[in-house]
1. Would you confirm whether any residue within segment 639-649 is within 23 Å of residue 295 (Cα to Cα), in contact (Cβ under 8 Å) with a residue 60 or more places away in the chain and assigned to a helix (DSSP H, G or I)?
2. Please name all residue pairs, on different chains or six or more residues apart, with Cβ atoms under 7 Å, provided the first residue is in segment 207-220 and is touching a residue at least 24 places away in the same chain (Cβ under 8 Å) and the second residue is of a type in the set (S, T, N, Q) and part of a helix (DSSP H, G or I).
3. Could you say which residue among 41, 101, 68 is in contact with a Lys or Arg (Cβ under 6 Å, 6 or more places away or on another chain), crowded, with 22+ Cβ neighbours inside 10 Å and among the small types (Gly, Ala, Ser)?
4. Out of all the residues in segment 591-622, which are open to solvent by 30 Å² or more (accessible area, probe 1.4 Å) and within 16 Å of residue 663 (Cβ to Cβ)?
5. Within segment 579-590, track down each residue that is of a type outside the set (A, V, I, L, M) and surrounded by fewer than 16 Cβ atoms within 10 Å (Cβ to Cβ).
6. Is it true that some residue in segment 594-613 is within 16 Å of residue 341 (Cα to Cα), free of Cβ contacts under 8 Å to residues at least 24 places away in the same chain and assigned to a helix (DSSP H, G or I)?
7. What pairs come out if I take residues in segment 511-523 that are open to solvent by 10 Å² or more (accessible area, probe 1.4 Å) and pair them with residues that are in a strand (DSSP E or B) whose C-beta lies under 8 Å away, six or more apart or interchain?
8. With 475, 541 as the choices, which residue is over 25 Å from the mean Cα position of the chain (by Cα), assigned to a helix (DSSP H, G or I) and of a type outside the set (Gly, Ala, Ser)?
Amino acid sequence: MDADGVGQPSGDAEQLTLAADASRSRRPPPPEGLAAVDPVARVVVDVPLPHLDRPFEYAVPESMAATAVPGARVRVRFAGQDVEGFVLARTQVAEHEGRLAPLRRVVSDEQVLGPGELDLARAVADHWAGVLPDVLRLAVPPRSAAGERRPPAGAAPPPDPPAPGPWQDYPAGPAFVARLSAGGDPRAVWTALPGRAAGRDWPDALAVAAAAALASGRGAVVVVPDHGDVVRVDAALTALLGRGRHVRLTADQGTAARYTAWLALRRGDVRAVVGTRAAMFAPVADVGLLAVWDDGDDSLVEPHAPYPHVRDVLALRAGRERAALLVGGHVRTAQTQAWLTSGWARALEAPRDAVRRSAPRVVLPGEDTEAARDAGARSARLPSLAFRAAREALGRGPVLVQVPRRGYVPTVACQRCRAHARCRTCHGPLGLSSGHAVPACRWCGRPDGAWACDRCGGRSLRSLVVGQGRTAEELGRAFPGVLVRRSGGDEVLAAVDDAPALVVATPGAEPVAAGGYAAALLLDGWALLDRADLRAGEEALRRWAAAAALVRPAADGGTVVLHAPAGLPPVEALVRWDPAWHAARELAERTELGFPPAAAVATLTGDRDAVAALLGHARLPPGAEVLGPVPVADGAVRAVVRTPVSGRDALAAALKAATAARSARKEPGAVRVALDPVDLV
C-alpha cells in the first residue's frame, strides 16, 4: 500500500479472467487475518481517470473470503477515499511485492459482472477511446437490495420455432427466421414496409425474430429509441410468447424495477429483453439475436462518455458472441448502407409491388398541377392542398400533423431586417410561449419586453419557426368543431382512436392510430433540410417516413402532404418511397467527400490549449488529417481528426493514450473526445 492508500496496480490488465489463478510461483503463506485461499483480489475501481484505467490489487480479509467473489461489488480505499469497484479475479499471490491495502467492504456477493460483460465493456472502451469504469457505469445498473432478495426463478423451456408471419412479406424473410431458429448468426439490414396491417407491423416482426432466437435455446436483445416503442414491442412479445418470457429494461423505470429486470437476465430467469439505450449491455447469456430499430435516431447515442452508439455496440457484440444482428427501420442510414455495399450484412427488403401496396400517396404543394390551382402553394405554411387533404380525410378518421419544433414560436427575428432576436444577457435565442407572451430567452429564461434589434433598431418581431402550440391554434381556427390533440415534449400520447381529430405532434412523438391515420401533413420541411448537419437529408427522410408509415395505404385513401421543396433527394425518396436509393446516394456522396462512414472521424472539443496539447501527445496513424481547431460554443474549440476506415482502431488507441498521458501529467483543461460523432457538422 502506497502513501496515498491506493491499492497496487496489476500488470495483467489485458489478460483478466474471472477464474482464480493459482499457478504463479510460491510465496510465503498470507499473514493471519487474510483469506487462506486466493487472498488477493484484482479490482476495477470506479475512478474514471484515463491513466488509472487498469485493475488494482487488494488483500482479501478472512471475513470476506466467501463473499468477495469474482464479479461482486466491493468498496475499497483509493487515494484517501472509499470508492466502489468490482472484483475481477481472485489469485493466490500478488504481482506487487509490498503490502496490499485490504478490501473495505463487500457491497454484495451477487456476481453482477461476468466474463462476457467484462469483455464487451473493455472492447467498447477501447473502440471509443474511453475507460473501463465509464462503460461499466453504463452496463451495470445501480444496486437495489430488494431485487437481490428475490430467489432465482429458473428459465422457461424454449418455445417452438415460430412461423415467419410478417417476414413472409420479404423474399429473404422466411430464410432469416429459419436460420435464427436453427442457431445461425446472420447479419441483416431490414427496410420495413410502411403501414399497420394486423400482425404485419414492425413490432410483430421483431417479436417473431426474438421468438426464433429463443426457439434455438438462445436469448434475444431488442433495443428501440423510446418508451412508446418499448410499449409496442413489449405488447407484441407478450402476444406471441406469453407473459413472463421477457423483461423490459429502460433507464427511467426506477432503480428497483430496472435492477430487478436486469438481475433476472443476469441469473438466466428470462432470456429476452426489450428496452431503450440502457438495454444494449443487457446480460443475456448465449445471446442469439441482437436487434435495434431505427438506428438513425439520436436517442440511440449514449450522451455520457465514451458516447457509444447502440447500433455499433450491438455490431461489436454480435461479432464477439457469434449472435445474429438485425438493424431495422423504415429508412436506411449511410452506415447500414456501407455494411450492405461491403457485403458485411445482407438486405431484408420487400419487392416494389409490395411497397406500393403498403405505402400512402405522397404529394407536394409545389407540384405543377397544384401550383396552377394555388399560386402561393410553395410559400404558404398551410397551403390549400393541406387544407383540402385534411378536410377530406377527417371524414374517414384522424389526421396527423407533424411539426418540426415544439413550443409556440421557438425562434423569432426582427420584422424589419430579419436578424435573429437574441437575449441581451446571454445572447441565446428569443422565443414566444403564447400569443400574448413577451419574448423570453430559450437559454436563460429572462423575459425581454423592451427588446430592440441591435442591427436596425426595430422593435417588431416575426416568427422564423412556428412550434407545435401555434400550429394547434391555427388548425383549431381553420377547422372549428374538430378536436385538436397535441403530442410532444412532456405530454406524449401513446395512441389515439379512429375518431376524427387533428393530432399535432413533434417528430418521434407521433401517437399510433388504431386503424392508421387517414392523412398526414408534414409541415415546415425546410426546417429539417436547412440544418447545418451532415445528416440533415438522412434525418429529414427518417422523420418524415416514421410519420408517413402510420398512414393508411394509398388504396385505402391514405395521403401524405409533404410541405418541402420538390427535387431534393430526401423529398424524392419519400414521394417514391425508395429509402434504399437515398441511402446509396448519400453513401456515394460521403465517400467522394471523405465523410463518415467512408472515413473514420474523431472530434476533440475543449479549451484551445488543451486540444492543442492532446494533439501534441497523440501519435496519430499514417494518413490521419487534422482539421481545425475552429471556435464552437462557450469559447471552446473543436478539432476534427480524419483517417481512412482501416486506421480507425489505431486512431482510437492513439487518442486514448494521449488522454492518459495528459491525465497522468495533470495537465489543465478538459477535452471531450468523441469517435464516430453524429454531430460532426
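1. Within segment 639-649, one or more residues are within 23 Å of residue 295 (Cα to Cα), in contact (Cβ under 8 Å) with a residue 60 or more places away in the chain and assigned to a helix (DSSP H, G or I).
2. Taking only residues 6 or more apart or on different chains, the pairs are 212/181; 215/181; 216/181.
3. On the way: 101 fails: crowded, with 22+ Cβ neighbours inside 10 Å; 68 fails: in contact with a Lys or Arg (Cβ under 6 Å, 6 or more places away or on another chain).
The match here is 41.
4. The answer is 607, 609, 613, 615, 616, 617.
5. The initial filter retains those residues of segment 579-590 that are of a type outside the set (A, V, I, L, M), namely 579, 581-582, 585-586, 589-590.
Scanning segment 579-590 gives 581, 589.
6. No: zero hits.
7. Qualifying pairs under 8 Å: 512/495; 512/496; 514/495; 514/496.
8. Details: 541 fails: over 25 Å from the mean Cα position of the chain (by Cα).
After ruling out the rest, the residue left standing is 475.
The values are calculated or read from the model by the stated rules, or taken from the named source; none is laboratory data. Values in this document were obtained by computation on a predicted structure and should not be read as measured data. We place every Cβ from the backbone using ideal geometry, glycine too, and count neighbours over all the protein chains shown. Only protein heavy atoms, including side chains, enter the accessible area calculation; ligands, DNA and RNA are left aside. Shrake-Rupley method; radii C 1.70, N 1.55, O 1.52, S 1.80 Å.
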